[in-house]
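Peer 1: Right, I'll just put the structure down here and ask away after.
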Amino acid sequence: MFEAAKRKYLESVHLEEFAPRAALIDMDGVLFDSMPNHAKSWVTVFRSLGFHFEDREAYMHEGRTGRGTLEILYRRELHRDPTDEEVTRMYGIKARLFDEMPEAPVMPGAPEALDAIRRSGIDRILVTGSGQRKLLDRLEPYFPGHFSEGRMVTAFDVTQGKPSPEPYLMGLKKAGVGAGQAVVVENAPLGIEAGKAAGIFTVAVNTGILEDEVLTGAGCDVLLHSMAELAEVWPQIASPYRL
Ligand code: CA
């Protein structure tokens, strides 16, 4: 399984061997079903400013830094950049709204997927653009032993959010592996673009409201529909392949 995807991947990055040693795993929409809360928070913030903004757009911007999302919306709606003060204030409101919402549930199948990855002897590295302490602090209780301090890339580590490859390049560095030795697990179009821009084999898991075509259009190597499916097919995804 997935041989065709692996062959196509190796040809596109000019490598001869795909031999995964690390899984670089996104958080929102992958480990926690937190996107509905993020979308609701952003909708409230932008509508308070009189901007036109729907849930769907929050999913399209998923993975960007708060500043990046605010800049795009201010430019579109007000034809100017937000000031630093506005970025701090509006992102502060968004983060507070998110914190006040009911706890986002663990994504169904995520614990099993992480266990399957561990059983295959492959390292788990968290790669998120999020700086939401509430979620980061829940990683250890809900996914014990998977992500220690040195195995996380968060908003506090990077200057550029997804779709920049920076977060995933830093993930490779923390894992101590090259591009052909990792697998990215993502749910969002910009996250997929970031993984691909870093030259990494990228598995998309469509856990949200966007059509499959949006994720395949972003360039993922494999498209799945749940974390339970990832748990099931992980051994096939992680098996090495040579051209
Ligand atoms: Ca995500």
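The values are calculated or read from the model by the stated rules, or taken from the named source; none is laboratory data. Because the structure is predicted, anything quoted here is derived from the model rather than measured. Here Cβ is always computed from backbone atoms with ideal geometry, including for glycine, and neighbour counts include all displayed protein chains. All accessible areas refer to the heavy atoms of the entire protein, side chains included, with ligands and DNA or RNA removed. Shrake-Rupley method; radii C 1.70, N 1.55, O 1.52, S 1.80 Å.
Peer 1: Check T202 against each of (1) over 15 Å from the mean Cα position of the chain (by Cα); (2) within 15 Å of the ligand (Cβ to nearest atom); (3) not aliphatic (A, V, I, L, M) and name the one condition it does not meet.
Peer 2: Unmet for T202, out of (1) over 15 Å from the mean Cα position of the chain (by Cα); (2) within 15 Å of the ligand (Cβ to nearest atom); (3) not aliphatic (A, V, I, L, M): (1).
Peer 1: Okay, moving on. Just checking, which of S120, S130 is of a type in the set (S, T, Y) and crowded, with 18+ Cβ neighbours inside 10 Å?
Peer 2: After ruling out the rest, the residue left standing is S130.
Peer 1: Contact list please: Cβ distance under 7 Å, first residue in the range 126-137 and more than 18 Å from R64 (Cβ to Cβ) and away from the ligand (no atom under 12 Å from the Cβ), second residue acidic (D, E) and not in a loop (DSSP other than H, G, I, E, B), pairs at least six apart or on different chains.
Peer 2: K134/D99
Peer 1: A follow-up question, please. Kindly provide the set of residues from the range 190-209 that are open to solvent by less than 10 Å² (accessible area, probe 1.4 Å), in contact with a helix residue (DSSP H, G or I) (Cβ under 8 Å, 6 or more places away or on another chain) and in a helix (DSSP H, G or I), ordered by number.
Peer 2: I192, A194, G195
Peer 1: For the range 153-166, indicate whether the set of residues that are in contact with an Asp or Glu (Cβ under 6 Å, 6 or more places away or on another chain), in contact (Cβ under 8 Å) with a residue 12 or more places away in the chain, surrounded by fewer than 23 Cβ atoms within 10 Å (Cβ to Cβ) and of a type in the set (A, V, I, L, M, F, W, C) is non-empty.
Peer 2: Yes: one or more hits.
Peer 1: Here are some residues: L31, L24, L10. Which one is open to solvent by less than 10 Å² (accessible area, probe 1.4 Å) and touching a Leu at 6+ places or on another chain (Cβ under 6 Å)?
Peer 2: L10
Peer 1: Name the residues in the range 10-42 that are in a helix (DSSP H, G or I) and either among the basic types (K, R) or within 20 Å of the chain's Cα centre (by Cα) (or both), would you?
Peer 2: M35, P36, N37, H38, A39, K40, S41, W42
Peer 1: Kindly establish whether G50 is on the phi > 0 side of the Ramachandran plot and within 13 Å of the ligand (Cβ to nearest atom). Walk me through it before giving the result.
Peer 2: Details: on the phi > 0 side of the Ramachandran plot: yes; within 13 Å of the ligand (Cβ to nearest atom): no.
Answer is no for this residue.
Peer 1: Right, another one. Which ones in the range 60-100 are surrounded by fewer than 20 Cβ atoms within 10 Å (Cβ to Cβ), of a type in the set (S, T, N, Q) and in a helix (DSSP H, G or I)?
Peer 2: T88
Peer 1: I'm checking my understanding of the structure. Among residues of the range 139-183 that are modelled with pLDDT of 95 or more and β-branched (V, I, T), which one is farthest from the chain's Cα centre (by Cα)?
Peer 2: So the residue we want is V177.
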